[in-house]
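See structure below.
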Amino acid sequence: MSSPMSASNFLEALKDEGLTVVQVGDWRTHNRNHKGPWGPVHGVMLHHTVTKGTARTVEICRDGYPGLPGPLCHGVIAKDGRVHLVGYGRANHAGLGDDDVLRAVIAERRLPADNESNTDGNRHFYGFECENLGDGKDPWPDVQLEAIEKAAAAVCRHHGWNAPSVIGHLEWQPGKIDPRGFSMAGMRNRIHERLK
């Protein structure tokens, strides 16, 4: 069980991992904490945005859209590898997912199939939205994949977690396909190597 790190520690962890970080507005206090608790935190969740263009992507992830207010994540990982911090605290990114998956993340063991939506993921996961159309054709530049690896590893390193604490939205909530275009097993291998 881990309490969320402070916003300052989050920023420092990302920079210490070698990331270029862009701070967007009042990101430190922009959250959905009035809708419920944030924490204890147990892992990192990765998403793709289904958007094109970094400025518009960051705007959507910060502000949200009708029916889903922002922030929609903590950080947006752009095609150029920069991480744009858009919120900190509870964020509308994970939604309801499978309690068996959460137990597996906490135990850092193999994930079961996600077949339920009965647990509040926004409470328990850091979220990174990764700029990509998610159509299986939009490329994932090497610099972006490296930034995804570094961002997830930074959070894991701070909390003393290992690579199995990093999951994709598709592993959490039935019907989700993100992130599409790289495998979560492959990304966890990269994160494992980085954390050695």
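The values are calculated or read from the model by the stated rules, or taken from the named source; none is laboratory data. All values derive from a computational prediction rather than experimental measurement. Note that each Cβ is placed from the backbone with ideal geometry, even for glycine, and that neighbours are counted across all protein chains shown. The protein model used for the area step is the full one, side chains on, heavy atoms only, and it has no ligands, DNA or RNA in it. Shrake-Rupley method; radii C 1.70, N 1.55, O 1.52, S 1.80 Å.
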Given the conditions (1) under 23 Å from His159 (Cβ atoms); (2) among the polar types (S, T, N, Q); (3) open to solvent by less than 10 Å² (accessible area, probe 1.4 Å), and given that Asn92 satisfies all but one, which numbered condition is not satisfied? (3)
With (1) of a type in the set (A, V, I, L, M, F, W, C); (2) surrounded by fewer than 17 Cβ atoms within 10 Å (Cβ to Cβ); (3) part of a helix (DSSP H, G or I) as the list, and Leu11 as the residue in question, which single condition is left unmet? (2)
Kindly state which helices (runs of 4 or more DSSP H) lie completely within the stretch 104-196 and contain at least 3 residues that are at pLDDT 95 or above and β-branched (Val, Ile, Thr). 142-159
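Each row is one residue, and each column tells you yes or no for (1) β-branched (Val, Ile, Thr); (2) without any contact (Cβ under 8 Å) to a residue 60 or more places away in the chain; (3) more than 20 Å from Asp135 (Cβ to Cβ).
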position	(1), (2), (3)
Glu149	no, yes, yes
Ser165	no, no, yes
Pro179	no, no, no
Ala185	no, yes, yes
His192	no, yes, yes
Pull up the stretch 42-66, narrow it to residues that are touching a residue at least 12 places away in the same chain (Cβ under 8 Å) and part of a strand (DSSP E or B), then point me to the one that is farthest from the chain's Cα centre (by Cα). Gly64
Under 8 Å between Cβ atoms, at least 6 apart or on separate chains: pull out the pairs that start in the stretch 132-143 with a residue that is touching a residue at least 24 places away in the same chain (Cβ under 8 Å) and farther than 15 Å from Gly81 by Cα and end on any residue that is open to solvent by less than 60 Å² (accessible area, probe 1.4 Å) and part of a loop (DSSP other than H, G, I, E, B). Leu133/Thr51; Gly134/Thr49; Gly134/Asp178; Gly134/Pro179; Gly134/Gly181; Gly136/Gly181; Asp138/Asn132; Asp138/Gly181
Looking at Thr57, Thr29 in this structure, which one is among the polar types (S, T, N, Q), out of contact with any Pro (no Cβ under 6 Å at 6 or more places or on another chain) and open to solvent by 20 Å² or more (accessible area, probe 1.4 Å)? Thr29
Within the stretch 163-196, of all residues that are polar (S, T, N, Q) and closer than 24 Å to Asn122 by Cβ, the one least open to solvent (accessible area, probe 1.4 Å) is Ser165
